[in-house]
Each structure stands twice: as C-alpha cells, then as structure tokens.
1. Please enumerate the residues belonging to the stretch 58-72 that are exposed (fewer than 15 other Cβ atoms within 10 Å of the Cβ) and among the small types (G, A, S).
2. Restricting attention to the stretch 102-118, which residues are closer than 14 Å to A90 by Cβ, open to solvent by 30 Å² or more (accessible area, probe 1.4 Å), of a type outside the set (S, T, Y) and outside any strand (DSSP E or B)?
3. If a residue must be closer than 19 Å to P31 by Cβ, more than 9 Å from the chain's Cα centre (by Cα) and charged (D, E, K, R), how many such residues does the stretch 53-85 contain?
4. Which one of A35, A55, A90, A75 is in contact with a Leu (Cβ under 9 Å, 6 or more places away or on another chain), surrounded by 14 or more Cβ atoms within 10 Å (Cβ to Cβ) and either in a loop (DSSP other than H, G, I, E, B) or in contact (Cβ under 8 Å) with a residue 12 or more places away in the chain (or both)?
5. Filter the stretch 39-52 for residues that are open to solvent by 70 Å² or more (accessible area, probe 1.4 Å) and among the polar types (S, T, N, Q) and give the result.
Amino acid sequence: SSAPVPCEPGTYQVATGSPSCDICPEGYYCPDFGANYTVECPAGFFCPNGSDSFAGPDGDQRCPIGTYGPSVRTASVDGCLPCPPGMYCAATNDNTGLTSPSGLCSAGYICYGNGEFP
C-alpha cells in the first residue's frame, strides 16, 4: 500500500479518508503541508483561491499603494478601497498591510483620492 500524501500549501482537507485536497477558498490562505484548516486573510491583504500565504508569492497580495484594506477575508485586489480625497495611503515599511488611510494630506497640497504621499 502507498503512503498518504499531504495536501500541498494552498490546499487543505478537513475530512478523513478523502481521495483529494480542496483548494483553499478565497479570503483565506492555507500555509502548511498536510493542512486540515484554513486561515483568515488579514486586513490590508487579499487572498484569492489557492493562496498559501497572505502576502502572496512575491508580496503582491498586499493592498496596493494608494489603497487600504479595512476588512479581513478580502478575496481580490478589488476589495481594497481607494484612499479617500484629502487623505493619503502610503506604503508600509514592514510586513503589514495598510488597514486605514495613513493620514491627512499636508497643508498647501490637495489629494484627489488614491493619494500616496502627504
């Protein structure tokens, strides 16, 4: 008899005796080999089907500069909100995603929306 094969990252299986693994659903990620659970995608990021991390393979699942992600379980970049007029949404310098606008635009400047700098 052959040995059981663990589910790959990006997949999971909660049932015993299953012949296949399920793709990790959108809004969640499945980071481990042999996962029998899913992990909620954190605010500031988006997790499409089959995600094996919240940051993505190249860190490309963070809400883009000029947007923010206030909600958990965001499935796609379309769930990231544009920075509102009068505010800016800058890049973060660590491994966190932006969950709210960074701040107000500086005096003497106008931010029309999707602002990246104060």
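1. Of everything in the stretch 58-72, just one residue is exposed (fewer than 15 other Cβ atoms within 10 Å of the Cβ) and among the small types (G, A, S), namely G59.
2. Of everything in the stretch 102-118, those that are closer than 14 Å to A90 by Cβ, open to solvent by 30 Å² or more (accessible area, probe 1.4 Å), of a type outside the set (S, T, Y) and outside any strand (DSSP E or B) turn out to be N114, E116, F117, P118.
3. Of the residues in the stretch 53-85, 1 are closer than 19 Å to P31 by Cβ, more than 9 Å from the chain's Cα centre (by Cα) and charged (D, E, K, R).
4. After applying the criteria, what remains is A90.
5. N49
The values are calculated or read from the model by the stated rules, or taken from the named source; none is laboratory data. This one's a predicted model, so the numbers in the text were calculated from it and none came from an experiment. No Cβ is skipped: glycine too gets one built from the backbone with ideal geometry, and neighbour counts run over all protein chains shown. In case anyone asks, the SASA skips ligands and DNA or RNA and just uses the protein heavy atoms, side chains included. Shrake-Rupley method; radii C 1.70, N 1.55, O 1.52, S 1.80 Å.
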